[in-house]
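Peer 1: Please read through the structure below; I'll follow up with questions.
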Amino acid sequence: MFEKILIANRGEIAIRIMRTCENLGISTIVIYSEADKDSLHVKLADKAYFIGGPRVADSYLNMEKIFEIAQICDVDAIHPGYGLLSENAEFARKCEEKGFVFIGPSPNIISAMGDKIKARSMMKKAGVPVVPGISHPLLSVEEAIIEAEKIGYPIMLKASSGGGGIGMQVVRSRNEMHKAYESNQKRAKSFFGHSEMYLEKYLENPRHIEIQLLADQEGNTVFLWERECSIQRRHQKIVEEAPSSFIDEQTRLRMGEIAVLAAKEIGYTNAGTIEFLVDQDKNFYFLEMNTRIQVEHPVTEEITGIDIVEQQIKIAQGHTLPFTQKQINRSGHAIEVRIYAEDPKTHFPSPGTITKLSLPHDDGVRHEIGVHSKSTVTHFYDPMIAKLIVKGKNRQQAIERLVKTLDSYEIEGIKTNIPMLQKIVTHQAFLNGDTTTEFVKNYL
Ligand code: ADP
């Protein structure tokens, strides 16, 4: 058993990982930046080490400093959480070189799945349907026009290294192509350092449905059903639920089985998620694979009773999965909403100091929270400060609990997106399960 784990992250996910470590009797070491001196993750860890200035480059992305602390503390393993270094193949490789177990898949897989063109090709080869499009880098705007005409407009131009909803642009006609090509290329270069792009069919009003996978080092691979994450703003998820109320049992099983086959084919290990877009006829297409724990993992934990972080740690230690596919149950319905420190009208981040924080506790209510009642939310990091997860015996009960909890959620001193979440979860379309990726645009 690991004795000490360094958590190379902050906020709610650092605290979430800590909770499982505590249950497993593992000590936790965290790192913190200048801006996070008084953070909740620092207060809750067994040991916390200052790592550098508030900018992520000086702190949470500072690999050398992280390894220095890992060495001083003699940790067994490093959990990267999500974001930050979690999908950085170089970091995973260096962990191995320095003798720390990286809690995640192999560096080669991280690197392959981080390149959307490569991931598309590998998935296609593994028999997974992909969104119609090309699987090689575009060489010129002229080529983009030729390919777009073959596929048919609208198409989506995508940066191969894109993420977080950045680096993609819808192109509805040939006239728009030159401008879109140039601006997307520029954006990709400035955000990710690479300008490589490809294009695929733009699906109108699809659903975003993803399959949670777990794979041990012996090749045993299972799926923990699906999550529907269609409700998004600027291609970023805000409401996630499990199960999806859109797909039938047959589609659900097919998606799961194909995801498992693909994971086996590419030699995937640890927790991972294969994301799909699903059209109105329930055809599903591979979108991308995330090689880390997802923000929305709690909804899966709620319906399966499986602690995904625990499985990540145990798989990394070389344990065999303790269940077979048949033993993975599913009960009830869970919904998560992401709470952001942002202006509900402009959606601009709203940094500041929290003056009051009071969370309603009730049956079927779970909070994953990264702040305390006097925390200062800075502009240096992602403005997501908490997640509210509710579970009910069915979707209707889950929604009732969600609405009630959001209504009595008290947070003062900063602005949050709670008013927007309330609008979403009380909207008739949401109640009807009419949740496509265009929900916010179509209804709010
Ligand atoms: P990122 O890696 O930036 O998160 P993804 O490829 O996972 O990007 O896509 C994020 C979201 O963007 C999807 O959930 C969906 O809403 C939208 N999207 C991406 N590709 C397409 C497409 N081909 N057609 C329609 N919507 C898309």
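The values are calculated or read from the model by the stated rules, or taken from the named source; none is laboratory data. Keep in mind the model is a prediction, meaning the values are calculated, not measured. Glycine also receives a Cβ, built like all others from the backbone with ideal geometry; neighbour counts cover every protein chain displayed. Remember, those area values only see protein heavy atoms, side chains included, never the ligands or the DNA or RNA. Shrake-Rupley method; radii C 1.70, N 1.55, O 1.52, S 1.80 Å.
Peer 1: Of all the C-alpha pairs in segment 299-399, what % are more than 18 Å from each other? Working shown, then result.
Peer 2: Values: 3090 of 5050 pairs.
In whole percent, the share of Cα-Cα pairs in segment 299-399 beyond 18 Å is 61.
Peer 1: Right, here's the next one. Rounded, prolate or oblate: pick one for segment 28-158, where a ≥ b ≥ c are the square roots of the eigenvalues of its C-alpha gyration tensor, a/c under 1.5 means rounded, and failing that, prolate if a/b is larger than b/c, else oblate. Could the numbers behind the result be given before it?
Peer 2: Values: a/c = 3.27, a/b = 2.29, b/c = 1.43.
Verdict is prolate for segment 28-158.
Peer 1: Report ³J(HN,Hα) in whole Hz for each residue of segment 194-207, in order, from the Karplus equation J = 6.51 cos²θ - 1.76 cosθ + 1.60 where θ = phi - 60°; Gly and Pro get x.
Peer 2: For segment 194-207, the Karplus-derived couplings read 10, 10, 4, 9, 9, 9, 9, 4, 8, 8, 8, 6, x, 9 Hz, x marking Gly and Pro.
Peer 1: How large is the dipole of the chain about the Cα centre if only Lys and Arg carry +1 and Asp and Glu carry -1, each at its Cβ, rounded to the nearest 20 debye?
Peer 2: 580 debye
Peer 1: Right, here's the next one. Give the carbon-plus-sulfur fraction of the accessible surface of segment 343-409 in %, rounded to a whole number; probe 1.4 Å, heavy atoms of protein chains only.
Peer 2: Roughly 53 percent, rounded to a whole number.
Peer 1: I've got another one for you. Calculate the tail of P(r) for segment 39-93: the fraction of all Cα-Cα distances greater than 17 Å, expressed in %.
Peer 2: Working: 596 of 1485 pairs.
In whole percent, the long-distance tail amounts to 40.
Peer 1: Determine the shape class of the chain: with a ≥ b ≥ c the square roots of the Cα gyration tensor eigenvalues, call it rounded for a/c under 1.5, and otherwise prolate if a/b is greater than b/c, oblate otherwise.
Peer 2: Details: a/c = 1.30, a/b = 1.18, b/c = 1.10.
Verdict is rounded for the chain.
Peer 1: Looking at this model, which pairs from LYS94/LYS158; LYS237/LYS326; LYS118/LYS158 are more than 21 angstrom apart at the alpha-carbon? Provide the component values of the computation, followed by the final result.
Peer 2: Details: LYS94/LYS158 29 Å; LYS237/LYS326 30 Å; LYS118/LYS158 13 Å.
Exceeds cut-off: LYS94/LYS158; LYS237/LYS326.
Peer 1: Take each complete run of DSSP H in the chain, measure how far its Cα atoms stretch along the helix's own axis, and keep only those covering 24 Å or more with mean Kyte-Doolittle hydropathy at least -0.5; list them.
Peer 2: Numbers: long enough: 174-192 (26 Å, -1.75); 249-266 (26 Å, 0.01).
Length and hydropathy pass: 249-266.
Peer 1: Suppose all protein chains stay in the model; what accessible area per residue would a 1.4 Å probe give for segment 322-395, in Å²? Working shown, then result.
Peer 2: Details: 3630 Å² over 74 residues.
With the other protein chains kept in place, segment 322-395 gives 49 Å² per residue.
Peer 1: Mind grabbing the base-10 log of I(q)/I(0) for segment 205-298 at q = 0.13, 0.19 Å⁻¹? Debye formula, identical points on the C-alpha positions, no solvent, two decimal places.
Peer 2: Summing over Cα pairs of segment 205-298 leads to -0.39, -0.84.
Peer 1: Then there's this: Using DSSP to define loop residues, name the trypsin sites (Lys or Arg not before Pro) in segment 74-173 whose beta-carbon has at most 15 other beta-carbon atoms within 10 Å. Could you put the intermediate results ahead of the total?
Peer 2: Numbers: sites: ARG93, LYS94, LYS98, LYS116, LYS118, ARG120, LYS124, LYS125, LYS150, LYS158, ARG172; in loops: LYS98, ARG172.
Here the sparse-neighbourhood loop sites are LYS98, ARG172.
Peer 1: Give the ranking of SER331, SER161 by solvent-accessible surface, highest area first, calculated with a 1.4 Å probe. Walk me through the numbers on the way to the answer.
Peer 2: Details: SER331 65, SER161 35 Å².
My answer, sorted largest first, is SER331, SER161.
Peer 1: Right, next: Leaving out ligands, DNA and RNA, and with a 1.4 Å probe, what % of the accessible surface on segment 1-73 is carbon or sulfur? Before the final figure, lay out the partial values.
Peer 2: Details: 1440 of 3070 Å².
Carbon and sulfur together cover 47 percent of it.
Peer 1: Something else now. Suppose all protein chains stay in the model; what accessible area per residue would a 1.4 Å probe give for segment 109-259, in Å²? Could the numbers behind the result be given before it?
Peer 2: Working: 6240 Å² over 151 residues.
That works out to 41 Å² for each residue.
Peer 1: If the convex hull of the alpha-carbon atoms of segment 388-444 is projected onto planes in all directions, what is the mean projected area in square nanometres? Intermediate results must be reported in sequence, preceding the final value.
Peer 2: Numbers: hull surface 17.1 nm².
One quarter of the hull surface, i.e. the mean projection, equals 4.3 nm².
Peer 1: Can I ask one more? Within the chain, what's the longest run with no GluC sites (Glu not before Pro) in a DSSP loop and at most 14 other beta-carbon atoms within 10 Å? Give the range, please. Working shown, then result.
Peer 2: On the way: sites that count: GLU3, GLU204, GLU218, GLU438.
Formally, the longest exposed-site-free interval is 219-437.
Peer 1: If all Cα-Cα distances of segment 1-80 are sorted into 5 Å bins from 0 onward, what percent lands in each bin, rounded to whole numbers?
Peer 2: 3, 18, 31, 26, 16, 5, 1
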